[in-house]
Every structure is written in structure tokens, then in C-alpha cells.
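Only one structure is covered here, and it is reproduced in the block below.
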């Protein structure tokens, strides 16, 4: 059985406000109200069901440094027109 959508939409929040306080807001009005309260929209994080955190940590510790390597530059020093210490 699929899970019911558990997200708090503006319409659902408007219905809750109407049920609790007997005041009707449009979804846009709810959006304005939430922004005035400094609430921001949150999006759920989607991750694979097969995700293995231990394997990810091991890969990041062992493999990533070898792949990433050191930052290569074509020339040493500053890229600006006026280099520090130069007269």
C-alpha cells in the first residue's frame, strides 16, 4: 500500500487555520503569512532505498582523495596585476 502524501501544502495549512481559528485564507494569503513568520518552503530529500552510508564514507575516505588530487596551477604566485612584495 503506497504511503499517503504527507506534505504540508498551502491549501492544507489554510484548511487547518480555518478549522482551528475560523479564519479563511487563500493559499496565497497563507504563503504571505508564513513568509512574515520567516518560514521557508522545505523539500524532502530523495535518497535511494539501497543507499549504504558505510560504503559511501569508505569511498569518500579512500577513493575520493586519489581522484580529486591536488589543485594544479599553470604558474606559481598571484594572478593579480600587482603582486605583493613587488616594487
At 7 Å along the Cα-to-beta-carbon direction for both residue 4 and residue 59, put a label point, then send me their distance in nm to one decimal. 3.7
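Multiplying the sequence separation of residue 51 and residue 16 by 0.36 nm and subtracting their Cα-Cα distance, what value in nm do you get?
Values: separation 35, 0.36 × 35 = 12.60 nm, distance 3.58 nm.
Gain on extension, residue 51 to residue 16, equals 9.0 nm.
Just check the range 1-45 against the gyration tensor rule for me: Cα atoms, a ≥ b ≥ c as the square roots of the eigenvalues, rounded for a/c under 1.5, and otherwise prolate or oblate depending on whether a/b exceeds b/c.
Numbers: a/c = 2.84, a/b = 1.34, b/c = 2.12.
Oblate, since a/c reaches 1.5 and b/c is not below a/b.
Readers should treat all values here as calculations from the given coordinates under stated rules, not as data from a laboratory. These figures come from a predicted structure and were not determined experimentally. As a convention, Cβ positions derive from the backbone with ideal geometry for all residues, glycine included, and neighbour counts pool all protein chains shown.
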